[in-house]
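Asker: Sending over a structure as C-alpha coordinates; questions will come in a sec.
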Amino acid sequence: MEENKSNTEKKPFIHFTESDVQRRRLDKLMNNIDKLVEIPDRKKEKKTINPPEFVRNVMGSSAGAGSGEFHVYRYLRRKEYARLNFIEKQARNEELDKAYHQKIEENQRKAEEATSKKRAKRLKKKEKAKKRRQEQASRTNKSKNDCDDSCQNSDNDEDDQDDEDKSNENKY
(Lines give C-alpha, C1' and ligand atoms only; values in the text may rest on other atoms or scores of the structure.)
Protein backbone atom coordinates (compact mmCIF):
# COMPACT_ATOMS: atom_id res chain seq x y z
CA MET A 1 0.00 0.00 0.00
CA GLU A 2 2.81 2.38 0.89
CA GLU A 3 4.54 1.61 -2.41
CA ASN A 4 1.42 2.67 -4.33
CA LYS A 5 1.25 5.83 -2.29
CA SER A 6 4.85 6.75 -3.08
CA ASN A 7 4.25 6.11 -6.79
CA THR A 8 1.14 8.24 -6.88
CA GLU A 9 2.72 11.14 -5.00
CA LYS A 10 3.68 13.89 -7.31
CA LYS A 11 7.30 14.89 -7.40
CA PRO A 12 7.87 18.55 -6.70
CA PHE A 13 8.22 20.65 -9.83
CA ILE A 14 11.76 21.89 -10.33
CA HIS A 15 12.12 25.00 -12.40
CA PHE A 16 15.04 24.64 -14.81
CA THR A 17 16.87 27.55 -16.32
CA GLU A 18 17.58 27.61 -20.03
CA SER A 19 21.16 26.50 -19.43
CA ASP A 20 19.94 23.54 -17.33
CA VAL A 21 17.56 22.48 -20.09
CA GLN A 22 20.28 22.77 -22.69
CA ARG A 23 22.75 20.84 -20.51
CA ARG A 24 20.22 18.03 -20.00
CA ARG A 25 19.52 17.84 -23.73
CA LEU A 26 23.24 17.69 -24.51
CA ASP A 27 23.76 14.98 -21.88
CA LYS A 28 20.90 12.99 -23.39
CA LEU A 29 22.43 13.36 -26.86
CA MET A 30 25.86 12.34 -25.62
CA ASN A 31 24.47 9.20 -23.96
CA ASN A 32 23.40 7.87 -27.36
CA ILE A 33 26.02 9.13 -29.82
CA ASP A 34 25.05 6.72 -32.61
CA LYS A 35 21.55 8.16 -32.85
CA LEU A 36 21.14 10.67 -35.67
CA VAL A 37 20.09 14.15 -34.71
CA GLU A 38 17.34 15.68 -36.78
CA ILE A 39 18.10 19.29 -37.55
CA PRO A 40 14.89 21.07 -38.49
CA ASP A 41 14.75 23.05 -41.70
CA ARG A 42 14.61 26.78 -41.52
CA LYS A 43 11.16 28.28 -41.51
CA LYS A 44 10.20 29.38 -44.95
CA GLU A 45 8.79 32.83 -45.34
CA LYS A 46 5.09 32.94 -45.79
CA LYS A 47 4.30 34.00 -49.29
CA THR A 48 1.00 35.66 -49.89
CA ILE A 49 -1.05 35.00 -52.94
CA ASN A 50 -0.90 37.72 -55.54
CA PRO A 51 -4.20 39.51 -55.93
CA PRO A 52 -6.30 38.35 -58.84
CA GLU A 53 -6.06 40.43 -61.96
CA PHE A 54 -9.82 40.49 -62.43
CA VAL A 55 -12.24 40.68 -59.56
CA ARG A 56 -15.40 39.27 -61.02
CA ASN A 57 -17.54 40.19 -58.09
CA VAL A 58 -17.27 43.97 -58.14
CA MET A 59 -19.00 45.59 -55.24
CA GLY A 60 -20.41 49.00 -55.44
CA SER A 61 -21.82 51.38 -52.89
CA SER A 62 -25.34 51.01 -54.17
CA ALA A 63 -28.05 49.57 -52.08
CA GLY A 64 -29.23 46.08 -52.66
CA ALA A 65 -26.10 44.22 -51.69
CA GLY A 66 -26.94 40.95 -50.04
CA SER A 67 -26.01 40.02 -46.50
CA GLY A 68 -23.30 37.63 -47.75
CA GLU A 69 -21.49 40.36 -49.65
CA PHE A 70 -20.30 41.97 -46.46
CA HIS A 71 -18.33 38.85 -45.51
CA VAL A 72 -16.83 38.62 -49.00
CA TYR A 73 -15.81 42.27 -48.75
CA ARG A 74 -14.23 41.71 -45.32
CA TYR A 75 -12.34 38.68 -46.62
CA LEU A 76 -10.96 40.59 -49.63
CA ARG A 77 -10.06 43.58 -47.47
CA ARG A 78 -8.26 41.35 -44.94
CA LYS A 79 -6.42 39.60 -47.77
CA GLU A 80 -5.32 42.93 -49.28
CA TYR A 81 -4.15 44.26 -45.90
CA ALA A 82 -2.16 41.06 -45.33
CA ARG A 83 -0.55 41.42 -48.77
CA LEU A 84 0.36 45.08 -48.13
CA ASN A 85 1.68 44.19 -44.68
CA PHE A 86 3.82 41.43 -46.22
CA ILE A 87 5.23 43.84 -48.83
CA GLU A 88 6.06 46.40 -46.11
CA LYS A 89 7.68 43.73 -43.94
CA GLN A 90 9.76 42.53 -46.91
CA ALA A 91 10.90 46.09 -47.65
CA ARG A 92 11.76 46.64 -43.97
CA ASN A 93 13.75 43.37 -43.85
CA GLU A 94 15.62 44.28 -47.03
CA GLU A 95 16.43 47.70 -45.59
CA LEU A 96 17.65 46.13 -42.33
CA ASP A 97 19.76 43.61 -44.26
CA LYS A 98 21.26 46.39 -46.34
CA ALA A 99 22.07 48.44 -43.22
CA TYR A 100 23.54 45.34 -41.55
CA HIS A 101 25.80 44.57 -44.52
CA GLN A 102 26.91 48.20 -44.72
CA LYS A 103 27.75 48.14 -41.02
CA ILE A 104 29.72 44.91 -41.44
CA GLU A 105 31.66 46.36 -44.38
CA GLU A 106 32.34 49.55 -42.40
CA ASN A 107 33.58 47.52 -39.41
CA GLN A 108 35.80 45.40 -41.67
CA ARG A 109 37.20 48.52 -43.31
CA LYS A 110 37.92 50.11 -39.92
CA ALA A 111 39.51 46.90 -38.66
CA GLU A 112 41.64 46.66 -41.82
CA GLU A 113 42.75 50.29 -41.43
CA ALA A 114 43.69 49.75 -37.79
CA THR A 115 45.48 46.52 -38.65
CA SER A 116 47.42 48.09 -41.50
CA LYS A 117 48.35 51.06 -39.30
CA LYS A 118 49.58 48.76 -36.53
CA ARG A 119 51.38 46.58 -39.10
CA ALA A 120 53.17 49.64 -40.50
CA LYS A 121 54.12 50.77 -37.00
CA ARG A 122 55.38 47.29 -36.13
CA LEU A 123 57.44 47.05 -39.33
CA LYS A 124 58.84 50.53 -38.76
CA LYS A 125 59.85 49.59 -35.23
CA LYS A 126 61.38 46.36 -36.51
CA GLU A 127 63.38 48.19 -39.18
CA LYS A 128 64.53 50.77 -36.64
CA ALA A 129 65.70 48.03 -34.27
CA LYS A 130 67.47 46.26 -37.14
CA LYS A 131 69.18 49.50 -38.16
CA ARG A 132 70.18 50.18 -34.55
CA ARG A 133 71.67 46.66 -34.27
CA GLN A 134 73.58 47.14 -37.50
CA GLU A 135 74.92 50.50 -36.32
CA GLN A 136 75.89 49.00 -32.98
CA ALA A 137 77.58 46.08 -34.71
CA SER A 138 79.45 48.43 -37.04
CA ARG A 139 80.51 50.56 -34.03
CA THR A 140 81.80 47.52 -32.18
CA ASN A 141 83.61 46.35 -35.31
CA LYS A 142 85.02 49.82 -35.79
CA SER A 143 86.12 50.05 -32.16
CA LYS A 144 87.67 46.59 -32.43
CA ASN A 145 89.50 47.67 -35.56
CA ASP A 146 90.58 50.89 -33.86
CA CYS A 147 91.63 48.94 -30.82
CA ASP A 148 93.50 46.46 -32.97
CA ASP A 149 95.26 49.27 -34.79
CA SER A 150 96.06 51.17 -31.60
CA CYS A 151 97.02 48.00 -29.80
CA GLN A 152 99.29 47.06 -32.67
CA ASN A 153 100.72 50.58 -32.68
CA SER A 154 101.26 50.50 -28.94
CA ASP A 155 102.83 47.06 -29.28
CA ASN A 156 105.04 48.43 -32.03
CA ASP A 157 105.89 51.41 -29.83
CA GLU A 158 106.78 49.09 -26.98
CA ASP A 159 108.87 46.96 -29.32
CA ASP A 160 110.59 50.09 -30.61
CA GLN A 161 111.21 51.23 -27.06
CA ASP A 162 112.58 47.83 -26.12
CA ASP A 163 114.86 47.93 -29.14
CA GLU A 164 116.07 51.41 -28.15
CA ASP A 165 116.71 50.30 -24.60
CA LYS A 166 118.70 47.34 -25.81
CA SER A 167 120.71 49.47 -28.17
CA ASN A 168 121.35 52.00 -25.42
CA GLU A 169 122.54 49.26 -23.11
CA ASN A 170 124.91 48.05 -25.75
CA LYS A 171 126.39 51.51 -26.08
CA TYR A 172 127.38 51.80 -22.45
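The values are calculated or read from the model by the stated rules, or taken from the named source; none is laboratory data. This is a predicted model, so every value here is computed, not measured. Note that we place each Cβ from the backbone using ideal geometry, even for glycine, and neighbour counts take in every protein chain shown.
Asker: Do the conditions hold for Met59, that is, is it surrounded by 10 or more Cβ atoms within 10 Å (Cβ to Cβ) and either modelled with pLDDT of 80 or more or of a type outside the set (Val, Ile, Thr) (or both)?
Answerer: yes
Asker: Going by the conditions given, is Tyr73 of a type in the set (Phe, Trp, Tyr), in a helix (DSSP H, G or I), farther than 16 Å from Lys46 by Cβ and under 27 Å from the mean Cα position of the chain (by Cα)?
Answerer: no
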